[in-house]
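Just so it is clear, none of the values below were taken in a lab; they were calculated from the coordinates. Keep in mind that this is a model prediction, so the values were computed, not measured. Every residue, glycine as well, gets a Cβ built from its backbone with ideal geometry; the counts of neighbours run over all protein chains shown.
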Amino acid sequence: MPTPRFTELSRFCEIDGWEEVQRGRGGTGDHRRYRKVLADGTILRTRVSHGAGEIGDPGLWARIWRHQLGLETEAAFWEALRTGRPVDRGDASVDPPAGPSIPGWVVAGLFQAGRTEAEIRSLTADEATELLYELWAGERGDGE
Amino acid sequence: MYRAYALYIKTITATDARQRWADVFSQAVGARWPVAIARGGDEHGLLIGFDEANLVLQPYAFSTEVFFETDAVSIWVPELDLYGRGATFEEARADLVEEVADYVDEFLEDATLYLRSPNRAAHFPWVLRAYVANATGELTALLFAPPDNGPVPVADA
């Protein structure tokens with residue numbers, strides 16, 4: 001399935017009865033924030049970028065529909081858009097999905113070490129971590 | 001002065017704390033001796049310094065995940081179920097820091113609701129740690145810090 005556009009995410013929130021949350025520091029910034037409180041006290045929260053872009057990464061989108069929208073399946077999102085009816089939502093606390101991502105501290109460390117985004121993009125998480133270890137070890141002079 | 005003061009009082013009243021505020025603050029932050037404060041018999045607080053708060057909160061690390069899309073970068077924070085996004089890693093990181101700061105504000109402004117929520121209450125230690133880091137200008141570093149048992153960055157070696 002494709003990843004949704006932000007306009008579709010916004011429409012989903014309207015269909016599913018989410019409230020827009022105002023920022024404490026005023027203004028909306030680059031995003032609108034939405035919240036929905038379920039009967040058991042579970043608080044769902046997401047945000048929608050202004051503009052017509054889309055959530056491009058399937059791994060990120062999987063985390064958004066599971067953890068932010070509290071859906072059991074991705075299909076429930078598209079079903080709500082198709083029918084215009086709110087979601088019959090189950091337990092939001094599901095296991096986190098596996099996905100191709102790189103730990104943030106590794107990416108930050110590689111940038112700090114002078115690697116380019118294009119280089120980092122081509123690496124797996126293991127390769128990126130291994131490269132960072134090598135760079136740090138080399139700069140410390142380990143093994144010399 | 002604050003040491004002698006603390007030796008005799010285990011919990012002080014809010015009124016007393018207000019009247020002796022300089023001593024109370026010096027004891028909690030300067031001498032690193034937490035001060036327990038009570039009001040009306042059923043409201044209790046604990047005043048501690050940022051250093052002690054960070055010590056207590058140290059186990060609550062962040063494990064951000066970076067997703068490189070074709071023409072964008074996204075960063076997910078599983079501990080808080082939040083993400084930042086931008087055309088480059090730098091933009092996504094700045095967006096994430098703003099999003100975390102906004103969430104901390106949102107959580108603490110409505111703490112009674114969030115601390116009762118089955119999927120939000122457990123966020124509290126990370127929210128508090130992010131709050132302290134944001135107040136000291138260290139939120140970005142905190143969100144992208146290596147794990148405690150991981151390698152040591154060159155600058156810190």
message: Pairs of alpha-carbon atoms within less than 8 angstrom and 6+ residues apart define the contacts here; what relative contact order does segment A:6-83 have, in percent?
response: 30
message: Using Cα-Cα distances under 8 Å and only pairs 6 or more residues apart, what relative contact order does chain B have, in percent?
response: 15
- request: Work out from phi, with θ = phi - 60° and the Karplus expression 6.51 cos²θ - 1.76 cosθ + 1.60, the ³J(HN,Hα) of each residue of segment A:132-141, listed in order in whole Hz, and give x for Gly and Pro.
  value: 5, 4, 5, 5, 5, 5, x, 5, 7, x
statement: For the A:Glu14, B:Lys10 Cβ pair and Förster radius 45 Å, calculated FRET efficiency rounded to 0.05 is 0.25
task: Please list, in chain and number order, the residues 5+ apart from B:Asn119 or on another chain whose amide H is under 5 Å from its amide H, with Hs placed from the backbone.
output: A:Ile43
statement: Going from the fewest other Cβ atoms within 10 Å to the most, one would list B:Leu55, A:Leu132 as B:Leu55, A:Leu132
statement: For segment A:8-18, Karplus-derived ³J(HN,Hα) couplings (6.51, -1.76, 1.60; θ = phi - 60°; whole Hz; x for glycine and proline) come out as 6, 5, 5, 5, 4, 4, 5, 5, 8, x, 7
message: Just checking the output field for A:53-62: average partner chain Cβ neighbours within 10 Å of each residue's Cβ?
response: 5
- request: Output the antiparallel fraction of DSSP beta bridges having both residues in the protein assembly as shown, as a percent to the nearest 5.
  value: 90
message: How shielded is A:35-43 by partner chains, expressed as the average number of their Cβ atoms within 10 Å of its Cβ atoms?
response: 4
statement: The FRET efficiency for B:Ala135 and B:Gln19, from their Cβ-Cβ distance with R0 = 22 Å and rounded to 0.05, is 0.25
query: Residue by residue, what Karplus-based ³J(HN,Hα) values in Hz, rounded to whole numbers, does segment A:109-125 have, using 6.51, -1.76 and 1.60 with θ = phi - 60° and x for Gly and Pro?
result: x, 5, 4, 5, 7, x, 6, 8, 4, 4, 5, 5, 4, 7, 9, 7, 4
message: Based only on other Cβ atoms within 10 Å, what is the fewest-to-most ordering of A:Thr129, A:Thr46?
response: A:Thr129, A:Thr46
- request: At 0.36 nm per residue, minus the direct Cα-Cα distance, what do B:Glu91 and B:Glu52 gain on full extension? Give it in nm, one decimal, please.
  value: 10.8 nm
message: Could you tell me which residue out of A:Trp105, B:Ala141, B:Tyr131 lies farthest along the dipole of the protein assembly as shown toward its positive end? Charges go on the beta carbon: Lys and Arg +1, Asp and Glu -1, centred on the Cα centre.
response: B:Tyr131
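Report the charge-dipole magnitude of the protein assembly as shown in Debye, nearest 20, computed about the Cα centre from +1 at each Lys and Arg Cβ and -1 at each Asp and Glu Cβ.
On the way: 29 positive and 48 negative charges, 262 e Å.
Result for the protein assembly as shown is approximately 1260 debye, rounded to the nearest 20.
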query: Non-local amide H neighbours of B:Thr13 (under 5 Å, H modeled in plane, Pro and chain starts lacking H): which ones?
result: B:Ala38
message: Within a 10 angstrom radius of the beta carbon, how do A:His50, A:His67 rank from fewest other beta carbons to most?
response: A:His50, A:His67
statement: If amide H atoms are modeled at 1.01 Å from N in the peptide plane, then the residues at a separation of 5 or more from A:Val21, or on another chain, having amide H under 5 Å from its own are A:Arg33, A:Tyr34, A:Arg35
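Using alpha-carbon pairs under 8 Å, 6+ residues apart, how would you state the relative contact order of chain A in percent?
19
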query: Given the options B:Pro78, B:Pro118, B:Pro59, which has the most mean-square fluctuation in a GNM of chain B, springs set between C-alpha atoms less than 10 angstrom apart?
result: B:Pro118
